[in-house]
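The values are calculated or read from the model by the stated rules, or taken from the named source; none is laboratory data. It should be emphasised that the depicted structure is a prediction, and the values quoted were computed from it without experimental measurement. All Cβ positions, even for glycine, are placed from backbone atoms using ideal geometry, and neighbour counts span all protein chains on display.
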Amino acid sequence: MSKIAKLDDIVSLCKRRGFIFQSSEIYGGLASCYDYGPLGVELKNNVKKAWWKSTVQMRDDVVGLDCSILMHPMVWKASGHADKFADLIAECKKCNTRTRVDHLKEKPLPSEAEGVTEQAAQHTEHIALDAAMAKARDLSNKVCPNCGTVGRFTEPMPFKLMFETQMGANVDDSMTMHLRPETAQGIFANFRNVLDTTRVKIPFGIAQIGKSFRNEVTTKAFIFRTREFEQAELEFFCEPGTDEQWFEHWKQARFDWYINLGLKKENLRFREHDIDELAHYAKGCVDVEYKFPFGSGDWQELEGIANRTDFDLRQHQRGIRTLNKWYESDGDLTNIELSNEAEEYLKGPLSYFDDQQKKRYIPYVIEPSAGIDRSALAFLVDGYDEEEVRGETRNLLRFSPALAPVKVAVFPLVKKEGMPDIAKNIYNDLKKHFNCFYDEKGAIGRRYRRQDEAGTPFCLTIDGQTLEDNTVTVRDRDSMDQIRVSTDQLTNDLRKKLDM
């Protein structure tokens, strides 16, 4: 039975084995920023490859995209981010700690259980500012998470979540820009480009993996919530009226993806969003949640699957028609109102004409939006295990072979009798096919343990018998079973074991 990992176990292992480091650590670190080390970058790349293979490569109805992080300011005006993308925060009058209002907890009554979930704060998209302001409640019984003071908060105030930057060589010709808070809007802005340059027809999807940035009020739990993060998003365009069918399809497809990559089913669940927590554009939304070993409720969001209706394409149709106002205002978005011409909805460039049905419409969109960093953390937590082997504790990561940073480690048993030369030849041949690691230092048992902790599925040992019959020992990480395999069959045998 696998050990349930604590967050401290994961953080320690990540630093010890080179998965994840604190950013700028030599200068004391930068809060909420992390660097992926040699093993971590391989794990993260493998998570992205697995997502891309499942979402794009293995489907005939999805194409890929890679959009710029910096986009025209009107993108964020049309999408609503420029006006509404903010959290409500309140500041504790005693310790001056700022906290999101929807993260504040009530002072528990004597009869109440201590555990309170954070479900209202877990969805990826933030509630529109005007809706959040309307929901702001009396804070007189709320507890400061830092000092424990009850009811001593300032009035709730909006905290804008987008990072600002400047584009331009000097002050006179610079323009205020924003780092994108999501990758989705680049897909919507390129909807017509994809239609015009490919042979896709509705229903079809556009997928993207990329960095996003949110100036979060509070971060938490290692790489779970950070200000710089990587998203894997799919915008799947479909005919209105078929959206609920596709919503169900993508719910199940995304849930199965985690299961197929090794997450335990008992640690996963769906959570439907309540009406009052839906993002302003959503007809419906469900989270895939994982039971992380931290937080007051344990269950935390891995990704959201949302029915965005036709909101985004309609908004960008309006934005296109408003563009001249932006130029006339010297780039000031403050008082610009989006166009509301009736004919824009069916005749604009972001509409779709169905050749077979001879009708034009604005497609609905189903959006599965996954956090790559959160997914990597879930795979680390779920794969972590400790067990006793001959009186010693063995730490290991039971990664799916598809996600393992190193697929095969190659060891000569001793550094003599030509074993290192044979081992290096095998290593050089195998690394053409798999990510491999060569190690000839230390006792063989310690070398095995190092690879167990790195999550390497198989270790190969070149020993005295190799010199006699050209076979090597193949050791399985999980069972520790060892078999002999001929060197001329080694690549094919490993391909089968690794499903590659």
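Taking the range 370-407 as the search range and keeping residues that are in a strand (DSSP E or B) and assigned by TED's automatic domain parsing to the domain that holds residue 261, which one is farthest from residue 453 (Cα to Cα)?
Top of the filtered list is 370.
What single numbered condition from (1) out of contact with any helix residue (DSSP H, G or I) (no Cβ under 6 Å at 6 or more places or on another chain); (2) of a type outside the set (A, V, I, L, M); (3) within 15 Å of residue 478 (Cβ to Cβ) fails to hold for residue 392?
(3)
I need a count of the residues in the range 231-253 that are part of a helix (DSSP H, G or I) and buried (at least 19 other Cβ atoms within 10 Å of the Cβ).
Here the count works out to 4.
Does residue 256 qualify as being in a helix (DSSP H, G or I), surrounded by fewer than 16 Cβ atoms within 10 Å (Cβ to Cβ), over 19 Å from the mean Cα position of the chain (by Cα) and not hydrophobic (A, V, I, L, M, F, W, C)? Before the answer, list the steps.
Values: in a helix (DSSP H, G or I): yes; surrounded by fewer than 16 Cβ atoms within 10 Å (Cβ to Cβ): yes; over 19 Å from the mean Cα position of the chain (by Cα): no; not hydrophobic (A, V, I, L, M, F, W, C): yes.
Answer is no for this residue.
Scanning for something assigned by TED's automatic domain parsing to the domain that holds residue 60 and within 30 Å of residue 30 (Cβ to Cβ), does the range 268-283 turn up at least one residue? Give the derivation first.
At the first step, the residues of the range 268-283 found to be assigned by TED's automatic domain parsing to the domain that holds residue 60 are 268-283.
Filter once more, keeping what is within 30 Å of residue 30 (Cβ to Cβ): 279.
For the range 268-283, residues assigned by TED's automatic domain parsing to the domain that holds residue 60 and within 30 Å of residue 30 (Cβ to Cβ): present.
Would a scan of the range 225-232 turn up a residue that is within 16 Å of residue 75 (Cβ to Cβ), in the same structural domain as residue 44 (by TED's automatic domain parsing) and among the acidic types (Asp, Glu)?
Within the range 225-232 (the criterion being within 16 Å of residue 75 (Cβ to Cβ), in the same structural domain as residue 44 (by TED's automatic domain parsing) and among the acidic types (Asp, Glu)), the answer is no, since none of the residues qualifies.
When you scan the range 420-449, how many residues do you find that are in contact (Cβ under 8 Å) with a residue 60 or more places away in the chain and not in a loop (DSSP other than H, G, I, E, B)?
3
Taking the range 20-44 on its own, how many of its residues are of a type outside the set (D, E, K, R), over 25 Å from residue 215 (Cα atoms) and surrounded by 15 or more Cβ atoms within 10 Å (Cβ to Cβ)?
Qualifying residue count, the range 20-44: 2.
Looking at the range 143-155, I want the residues that are more than 10 Å from residue 107 (Cα to Cα) and have a partner that is at pLDDT 85 or above and part of a loop (DSSP other than H, G, I, E, B) with Cβ atoms under 9 Å, at least 6 apart or on another chain. Which pairs are those?
That search, which allows pairs on different chains as well, returns 146/95; 147/95; 152/144; 153/144.
Table: residues versus (1) part of a helix (DSSP H, G or I); (2) under 21 Å from the mean Cα position of the chain (by Cα); (3) under 30 Å from residue 455 (Cα atoms).
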site: 11; (1), (2), (3): yes, yes, yes
site: 21; (1), (2), (3): no, yes, yes
site: 26; (1), (2), (3): yes, no, yes
site: 29; (1), (2), (3): no, no, yes
site: 43; (1), (2), (3): yes, yes, yes
site: 47; (1), (2), (3): yes, yes, yes
site: 54; (1), (2), (3): yes, yes, yes
site: 75; (1), (2), (3): yes, no, no
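Identify, please: which residue in the range 471-490 is assigned to a helix (DSSP H, G or I) and touching a residue at least 40 places away in the same chain (Cβ under 8 Å) and is, among those, surrounded by the most Cβ atoms within 10 Å (Cβ to Cβ)?
By that ranking, first place goes to 490.
With 453, 468, 417 as the choices, which residue is more than 36 Å from the chain's Cα centre (by Cα) and either touching a residue at least 60 places away in the same chain (Cβ under 8 Å) or part of a helix (DSSP H, G or I) (or both)? Explain how you work it out, then say what you get.
Working: 453 fails: more than 36 Å from the chain's Cα centre (by Cα); 417 fails: either touching a residue at least 60 places away in the same chain (Cβ under 8 Å) or part of a helix (DSSP H, G or I) (or both).
Within the list 453, 468, 417, the selection yields 468.
Looking at the range 244-261 only, could you name the residues that are farther than 11 Å from residue 54 by Cα and in contact with a Pro (Cβ under 9 Å, 6 or more places away or on another chain)?
Matches in the range 244-261: 246, 250, 251.
Residues 346, 430: which one is of a type outside the set (Asp, Glu), at pLDDT 95 or above and surrounded by fewer than 21 Cβ atoms within 10 Å (Cβ to Cβ)?
On the way: 346 fails: at pLDDT 95 or above.
Result of the check over 346, 430: 430.
Would you confirm, using the coordinates I've provided, whether residue 29 is modelled with pLDDT under 95, at positive phi and touching a Ser or Thr at 6+ places or on another chain (Cβ under 9 Å)?
yes
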